[in-house]
Amino acid sequence: MKAFDALVIGAGPAGITAAMYLARSGHSVCLFERLTPGGQVLATENLENYPGFPKGIKGYELADTLNAHLEGLAVDRIPHAVESVSGAAGQFVLHADGRDFSGKTVLVCTGASHRKLGVDGEDRLLGRGVSYCAICDGNFFRGQSVAVIGGGNSALEEALYLSNIAAKVTLIHRREGFRGLKIYLDRLEKMTDKVDIQRNTVITNLHGEDRLTGLTLKNARSGAEKYLAVDGLFIYVGFAPDVTFLPKSVECDAQGFIVTDTEMRASVPGIFAAGDIRSKHCRQAITAAGDGATAAQAAFLFLEQLHV
Amino acid sequence: MAEQITDATFDEVVLKSDIPVLLDFWAPWCGPCRAVGPIVDEIAKEYAGRVRVVKMNVDENPATPTKFMVRAIPTLVLFKNGETVEHITGAVTKAAMAELLDTKALA
């Protein structure tokens with residue numbers, strides 16, 4: 001079996017950048033992606049903060065542009081989910097699509113997906129009023145009543161987006177203060193006729209059989225419960241990593257993100273992590289791309305030492 | 001490429017089909033729809049003659065999504081003998097789509 005210099009898992013900004021740097025430096029690369037390349041960029045309406053695009057760029061356009069950077073480069077591409085990674089530096093074995101792939105290094109660039117709220121009925125009502133993507137599904141709730149739960153930038157941005165579409169937006173957050181940008185919160189607070197902000201509040205129940213009809217809200221301080229009739233609920237309570245396919249010896253933080261040093265080296269020699277899967281504060285498309293370049297560079301150095 | 005259908009052609013193409021139909025509700029501005037679009041096209045090619053795989057743009061065709069209570073995209077709905085058998089919301093892998101068709105459409 002041919003051993004690739006690098007097995008890159010995930011084709012978002014981190015994985016594409018890492019694969020591009022590795023291929024351009026003459027290393028053999030195999031890139032795995034379970035969906036279409038782009039990662040979370042694809043689910044972003046517009047990126048206004050990606051350098052080089054001063055007028056902003058649509059998420060799907062950036063995804064296509066990033067992917068186009070691999071055209072003409074010698075990168076093998078496997079459009080399947082990775083099931084497991086085992087072995088050690090110089091001889092990792094990756095299982096995907098019912099086959100084994102051999103690699104000297106592994107770059108984990110699998111990103112993160114939305115975290116679930118964890119309330120009964122969430123799965124049953126997904127696509128029946130429960131959504132994790134306002135850009136995708138907001139239009140189904142035109143003129144209706146929706147709720148957004150979360151306290152970060154995603155929740156605030158999506159609440160603003162939905163305020164242009166829905167008749168009424170209730171923003172629910174379990175704490176008093178928001179983590180998201182003040183500029184967004186200020187805008188929402190000014191829209192008193194349309195946006196209602198419920199602080200120190202959690203959702204304890206989702207109502208509805210074949211479509212969402214309402215929520216039970218509980219005040220975290222007083223314990224008082226009330227019913228809120230809504231047609232849609234948009235959940236933005238953070239992101240969760242998936243590292244279940246990796247060896248247990250790869251160190252992760254309490255939330256399950258991979259711990260690396262500043263060169264993107266994970267705790268297992270020969271395994272690198274880049275982008276949102278990594279334990280860090282700033283998770284942006286541009287920092288993911290930066291991580292990818294750094295990880296590729298660290299992998300070159302590692303491969304050189306491996307050849308000695 | 002999977003064939004695009006409309007509200008007007010839905011009954012003829014989907015409900016009256018002799019073979020199972022997989023319908024992908026999508027829209028051009030929906031990122032996760034773009035994440036699965038090419039996979040749906042591949043599935044269409046691989047299951048040609050056994051399962052009819054079609055797409056419907058929900059922007060241009062509001063009636064059918066409403067009728068099937070589709071409130072999120074991408075949503076894949078599997079029809080067999082004019083009845084809905086299964087629906088999946090969100091971006092799923094090619095393997096997951098193949099499993100759905102192998103176990104629910106062709107079994």
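The values are calculated or read from the model by the stated rules, or taken from the named source; none is laboratory data. Note that the coordinates shown come from a computational prediction; the quantities given were computed from them, not determined experimentally. Because the Cβ atoms are built from the backbone with ideal geometry, glycine has one as well, and the counts that use them run over all protein chains shown. Side chains are part of the model used for accessible areas, which takes the heavy atoms of the whole protein and leaves out ligands, DNA and RNA. Shrake-Rupley method; radii C 1.70, N 1.55, O 1.52, S 1.80 Å.
Ellipsoid semi-axes for the stretch A:112-163, based on the Cα gyration tensor and the rule √(5λ), read 17, 15, 10 Å when sorted largest first.
Once you measure Cβ to Cβ distances between cysteines in chain A, which Cys have no partner under 4.7 Å? So far as the 4.7 Å Cβ criterion goes, A:CYS30, A:CYS109, A:CYS252, A:CYS282 stand without a partner in chain A. Under a Cβ-Cβ cut-off of 10 Å, what is the net charge of the residues other than A:ASP64 that fall near it, where Lys and Arg count +1 and Asp and Glu count -1? It works out to a net charge of +1. Note on surface exposure: B:VAL51, A:VAL243 rank A:VAL243, B:VAL51 by accessible area, highest first, 1.4 Å probe. Across chain A, Cα pairs under 8 Å and at least six residues apart give a relative contact order of 21 percent. Within 10 Å of the Cβ of each residue in A:130-140, the mean number of Cβ atoms contributed by other protein chains is 6. Under 5 Å between amide hydrogens, built in the peptide plane, is the criterion, and for A:VAL237 it picks out A:ARG115 among residues at least 5 positions away or on other chains. Beta-bridge orientation, the protein assembly as shown: approximately 50 percent antiparallel, per DSSP, counting only bridges with both partners inside. Report, in listed order, any pair from B:LYS55/B:LYS80; B:LYS45/B:LYS104; A:LYS194/B:LYS55; A:LYS218/B:LYS67; B:LYS16/B:LYS55 with a Cα-Cα distance greater than 28 Å. Long pairs (Cα-Cα over 28 Å): A:LYS194/B:LYS55; A:LYS218/B:LYS67. Using the alpha-carbon positions of the stretch A:1-121, Rg (one decimal) and Dmax (whole number) come out as 15.8, 51 Å.
Surface listing: A:LYS182, A:LYS226, A:LYS190 arranged by accessible area from highest to lowest gives A:LYS190, A:LYS182, A:LYS226, probe 1.4 Å. Kirkwood radius and radius of gyration were both taken over the C-alpha atoms of the stretch B:1-45, and their ratio Rg/Rh is 0.99.
Applying the criteria of a DSSP loop state and at most 14 other Cβ atoms within 10 Å to the GluC sites (Glu not before Pro) of the stretch A:179-238 yields A:GLU209. Using only side-chain charges placed at the Cβ, +1 for Lys and Arg and -1 for Asp and Glu, the dipole size of chain A relative to its Cα centre rounds to 640 debye.
Starting from the Cα of A:LYS2, draw a straight line to each of the lysines and keep only those under 20 Å, dropping any in the same chain fewer than 8 residues away. List returned: A:LYS104. Using all pairs of distinct alpha-carbon atoms, the Kirkwood hydrodynamic radius of the stretch A:97-190 works out to 15.6 angstrom.
Please report, to two decimal places, log10 I(q)/I(0) for the protein assembly as shown at q = 0.11, 0.14 Å⁻¹ as given by the Debye formula with identical point scatterers on the Cα atoms and no solvent. Each listed q corresponds, in turn, to -0.89, -1.29. Computed with every protein chain present, the accessible area of A:GLU251 is close to 100 Å² [probe 1.4 Å].
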